[in-house]
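The values are calculated or read from the model by the stated rules, or taken from the named source; none is laboratory data. All of these numbers come straight from a predicted model, not from anything done at the bench. FYI the Cβ positions are ideal-geometry reconstructions off the backbone, even for glycines, and counts take in every protein chain you see.
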Amino acid sequence: MDSMYLIGSIAAIDWQPFLLAAVAILSLVNGFSVLQNNLSDRPDLKIAPVQDDNWVWWSELKDPAGNPEIRRYILVGNLARSNIGRRPTSVVSTELCIRMRNLKPARSPLFDVPPPVIPVSNAGTATLPVLRDRKDGLGGQPLLQPGEMVSGIHCFLFGMYGGELWRPKIEDGIIHGVIEMIGTFGRSYKSKVDFHFMPFEQLETLFPDLQPFIIQSLDYEET
């Protein structure tokens, strides 16, 4: 008798709300799973020095005409671009952003610096590759595959004019910068990079014709 009463009570329960709730929960779980896969299944670009802080420098070119208000800065590094994501992407543009003493930002695109020539033990000299945002034969940008790393010299130039506040913000001889790479479909990837001071005369020993290259690139009129 009790068993029949229990079966009847269970049969009398309206299970539809419970089934609808279960379907809604399963849909939410499935939706979150799809969203997580979409967020993780995409490219992710990073840029960092190839060897810790080696070959990541900045220097100032004094104005040849002696104008103290005209200043030209070069920030150069042997940097590696890495795709640590799951899909290939291209690098459409690369820019470096630094802060000035007045806390305003200053930005520079990549410049095509003459390749540096370095001495190699028992092998004479070697020319290091220069990375730039170059196009492939189809008019697009070459793809950076998942797990792939491409390294080379990155060069950024800044021309500043004015008083002391219109100088880069420098802390213990270091200029802190943020390199932003724009990938496929306009997605932005940012990485922090620190540039250490090197005297211009020393930097000139590595990069041929550095002074005329900077002056011509920044296109200042000499007075």
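Please determine whether any residue of the range 85-97 is free of Cβ contacts under 8 Å to residues at least 40 places away in the same chain and either of a type in the set (Ser, Thr, Tyr) or in a loop (DSSP other than H, G, I, E, B) (or both). I'd like the intermediate steps shown before the answer.
The first filter runs over the range 85-97 and keeps only residues free of Cβ contacts under 8 Å to residues at least 40 places away in the same chain, leaving none.
No, there is no match, as no residue in the range 85-97 is free of Cβ contacts under 8 Å to residues at least 40 places away in the same chain and either of a type in the set (Ser, Thr, Tyr) or in a loop (DSSP other than H, G, I, E, B) (or both).
How many residues does the range 169-221 hold that are under 29 Å from residue 64 (Cα atoms) and not in a strand (DSSP E or B)? Outline the logic, then answer.
From the range 169-221, those under 29 Å from residue 64 (Cα atoms) are 169-177, 194-221; that's our starting set.
Cutting the leftovers down to not in a strand (DSSP E or B) gives us 169-170, 172-173, 198-221.
Within the range 169-221, residues that are under 29 Å from residue 64 (Cα atoms) and not in a strand (DSSP E or B) number 28.
If I filter the range 20-43 for residues that are assigned to a loop (DSSP other than H, G, I, E, B) and either at pLDDT 90 or above or crowded, with 19+ Cβ neighbours inside 10 Å (or both), do I get at least one hit?
Residues of the range 20-43 assigned to a loop (DSSP other than H, G, I, E, B): 41-43.
Retained after the next criterion (residues that are either at pLDDT 90 or above or crowded, with 19+ Cβ neighbours inside 10 Å (or both)): 43.
Yes: one or more hits.
Out of the range 165-221, which residues are over 16 Å from residue 106 (Cβ atoms), over 22 Å from the mean Cα position of the chain (by Cα) and among the aliphatic types (A, V, I, L, M)?
198, 203, 206, 210, 215, listed by residue number.
In the range 176-189, which residues are of a type outside the set (S, T, N, Q), surrounded by fewer than 16 Cβ atoms within 10 Å (Cβ to Cβ) and at pLDDT below 95?
Result: 185, 186, 187.
I'd like to verify a number: residues in the range 172-192 that are touching a Pro at 6+ places or on another chain (Cβ under 7 Å) and aliphatic (A, V, I, L, M), how many?
1
For the range 68-79, indicate whether the set of residues that are surrounded by fewer than 17 Cβ atoms within 10 Å (Cβ to Cβ) and either closer than 17 Å to residue 216 by Cα or out of contact with any Leu (no Cβ under 8 Å at 6 or more places or on another chain) (or both) is non-empty. Steps first, answer last, please.
Keep residues of the range 68-79 that are surrounded by fewer than 17 Cβ atoms within 10 Å (Cβ to Cβ), which gives 68-69.
Adding the requirement that they be either closer than 17 Å to residue 216 by Cα or out of contact with any Leu (no Cβ under 8 Å at 6 or more places or on another chain) (or both) leaves 68-69.
Yes - at least one qualifying residue is present in the range 68-79.
Has the range 189-206 got any residue that is small (Gly, Ala, Ser), assigned by TED's automatic domain parsing to the domain that holds residue 75 and more than 23 Å from residue 112 (Cβ to Cβ)?
no
Which of the residues belonging to the range 39-96 are under 17 Å from residue 177 (Cα atoms) and acidic (Asp, Glu)? Give the steps one after another, and end with the answer.
Initial filter on the range 39-96 (under 17 Å from residue 177 (Cα atoms)): 45-50, 52-60, 72-81, 93-96.
Result: 52, 53, 60, 95.
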